[in-house]
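What follows draws every value from the coordinates through simple rules; no lab data is involved. Since the model is a prediction, treat every value here as computed from it, not as a measurement. Neighbour counts are summed over all protein chains in view; Cβ atoms, including those assigned to glycine, are modelled from backbone coordinates with ideal geometry.
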């Protein structure tokens, strides 16, 4: 896997205010609230929790799951097809992953190889 393809981002002051509001009005954990607050003014979001997805949707935030992030990493050539396959298998071993989603992700990746 190529180094440096993920970057750690910090909340701005206005995003931190949004985090505080989300934490006080929902059951979101801090990381979920930070992700949503940052995504409102940015372009993507990674969420796994149903409540976080619902809140992000209500705020008009784009949502992408972990498997989608892995596909995007492959499409941007940060992962090889073998690394993507391994990552999808690993993901399924640590959290529930729809077999249909896993199949679709790998199918899309393989289609881009042709």
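What the table below lists for this structure:
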{"quantity": "C-alpha long axis of helix 30-40 to longest principal axis of the chain, angle in °", "calculated": "90"}
{"quantity": "Compactness relative to 2.2 N^0.38 Å, alpha carbon Rg of the range 13-58", "calculated": "0.99"}
{"quantity": "Percent RCO, i.e. relative contact order, over the range 13-58, from Cα pairs under 8 Å lying at least 6 residues apart", "calculated": "33"}
{"quantity": "Relative contact order [Cα under 8 Å, 6+ residues apart], the chain, whole percent", "calculated": "20"}
{"quantity": "Principal-axis tilt of helix 81-94 within the chain, Cα atoms, nearest 10 degrees", "calculated": "50"}
{"quantity": "Centroid-to-centroid separation of the range 10-35 and the range 70-114 [C-alpha atoms, Å]", "calculated": "30"}
{"quantity": "For the chain, fraction of C-alpha pairs farther apart than 18 Å, in %", "calculated": "56"}
{"quantity": "Cβ-Cβ FRET estimate between residue 96 and residue 16, R0 fixed at 30 Å, reported to 0.05", "calculated": "0.40"}
{"quantity": "Packing-based order for 8-15, 52-59, using average beta carbon neighbours within 10 Å, highest first", "calculated": "52-59, 8-15"}
{"quantity": "The range 66-113: relative contact order in percent, alpha carbon pairs under 8 Å with at least 6 residues between", "calculated": "49"}
{"quantity": "Residue 27-residue 111 FRET efficiency (beta carbon distance; Förster radius 41 Å; 0.05 resolution)", "calculated": "0.60"}
